[in-house]
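Down below is the structure, laid out as structure tokens.
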Amino acid sequence: MGESAADILKHGFGEFRAFVNPLIAERARLAREPIEFVRVEGGVLHDAAGKSYEDLHGTQMLGHRNPAVADAIRGFLDSDVPNWFPSRVNPWAGRLARRLCERTGYSNVFFGMSGADAVEAALKLARAATRKPRILALTGGYHGCTFGAVSLMHDGPLHDPFGPHLPGVEKVPFDDVDALAKALAPGDVCAVVVEPIQGEGGVRSLSPAMIAAVCELTAKHGALLVADEVQTALGRSGRFLASEAWPRKPEIALIAKTLGGGLVPISAMLTQRETFERAYGQNFFIGESHNTTFGYNGLSCVAALATLDLLDDDLIASVARRGAEFRSLLAEALRGNPLFTEVRGEGFMIGVELVHAPHPWLSFEHFGMPELAHQPTIGPLLCYRLYARGFFAFVCGHDWRVLRLQPRFDIPDARLAELAKACREELDHLANLS
């Protein structure tokens, strides 16, 4: 008999601190983040005291434990069909790949378990297909924590400790067309990896000029264009793929995070069959030279198929419309506060840029963390105050001045209005302190 959920909820939070990562647990304690969630109701988290919280991290776009996705998983587990096939020719992977190709216009899919898996697959595909050594990324980028992906990462604590990094990787200044053209000119770049909207970099959208340039210049110089859509895809930006509006389709698009409906891990690298054949079509042995054992499991594919059923065009259009309305509402609510700069983003991927207030009482040094003295505090302090209002928000990893808000797709309008009001009231409190 397995251990009960009640017993694990009672002891498991402490066991995480003891046996997994004490620094994560300590950070959450110091920031007063809500930790001990014990149930989900209506897609919303509840703690032991019964208080509800809106999760604004974005991984649960369909709400926590979406019942349709959960039912699909439950039905699969109650059947007698295999989950994993020794040949790795999995029919559920085949069906999911077909559905994704029909939806996006790509013709080949590789499945992994995380966004970083998908990035690694793209880097290897690009080098194998072009036989060129260099890889370009943009400053401010976040592409995952595996070795190739972290080599693309913006400089800082998520990147620097792991050097020397993957040879051949270079970073181009964000939105700098001239720098991109100069870097591509030698003709030895295999891939340019970009996020349509940088998440950890401050919810920064690529400008139309940069999008046009990266589409034109990669084609001109024979480099594969890779759209890392781990954060922007599946409707989050108001389109199924943010890059579907670009002048040309990237050779590779990467999706993950919410593809498994928030319940199981799965990622996908979308490309064209011709590109796959260039890289891996020489013989059977090379055809399996990039692989993941459990990337082709039935359970994850079943969850993803159920997720795609829910992500119809009407829902995605509503994300685009309601996201624009909420950004306007939020900008109006915050207007006039001296700590507010702007609201930006697309769809339900929203960033609120704040002003750093260099008040000694509001510094990390004052809070006993001198190692963070260079970091602005208003964003983290606003998150801290929003927790008490039932909103689990967070700042961008590379830019703590920017509050990132990524609501679930079915969040009621009244709840969005409450969020805008809470942001204004709590930012007014911080402005008075500073």
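No value in this document is a laboratory result; all are computed from the given coordinates. Predicted model, so just to flag it, every value in this text is computed and none were measured. As a convention, Cβ positions derive from the backbone with ideal geometry for all residues, glycine included, and neighbour counts pool all protein chains shown.
Some points to look at:
- Note on the stretch 93-156: percent of Cα-Cα distances in each 10 Å bin, starting at 0 and stopping at the bin with the largest distance, equals 19, 41, 32, 7, 0.
- For the stretch 232-305, relative contact order (Cα pairs under 8 Å, six or more residues apart, normalised by length) works out to 26 percent.
- Three-way shape call for the stretch 1-154 based on the alpha-carbon gyration tensor, with the a/c threshold at 1.5: oblate
- Using 0.36 nm per residue and subtracting the Cα-Cα separation, the extra length available between residue 38 and residue 392 on full extension is 125.9 nm.
- For the chain, the relative contact order comes to 20 percent (Cα pairs under 8 Å, sequence separation of at least 6).
- For the chain, a simple Cβ point-charge model (Lys and Arg +1, Asp and Glu -1, everything else neutral) yields a dipole of about 500 debye relative to the Cα centre.
- Residue (of 293, 223, 44) at the positive-pole extreme of the chain, dipole from beta-carbon charges: 223
- By the beta-carbon count within 10 Å of each Cβ, the least crowded to most crowded order of 192, 109, 319, fewest first, is 109, 319, 192.
- Pairs beyond 27 Å (Cα-Cα), from 10/421; 124/171; 257/421; 132/257; 220/257: 10/421; 257/421; 132/257; 220/257
- Model label points for residue 85 and residue 331, set 7 angstrom from Cα along the Cα-to-Cβ axis, are 5.0 nm apart.
- Only beta bridges with both residues in the chain are counted; by DSSP, about 60 percent of them are antiparallel.
- Choice from 143, 64, 11 with maximal GNM fluctuation in the chain (Cα, 10 Å cutoff): 11
- Those trypsin sites (Lys or Arg not before Pro) in the stretch 1-60 that DSSP places in a loop and that have at most 14 other beta carbons within 10 Å: 32, 51
- Rounded to the nearest 20, the Cβ-based charge dipole of the stretch 1-76 about its Cα centre (Lys and Arg +1, Asp and Glu -1) stands at 100 debye.
- Simple Cβ-charge dipole of the stretch 67-310, Lys/Arg +1 and Asp/Glu -1, about Cα centre, in debye nearest 20: 480
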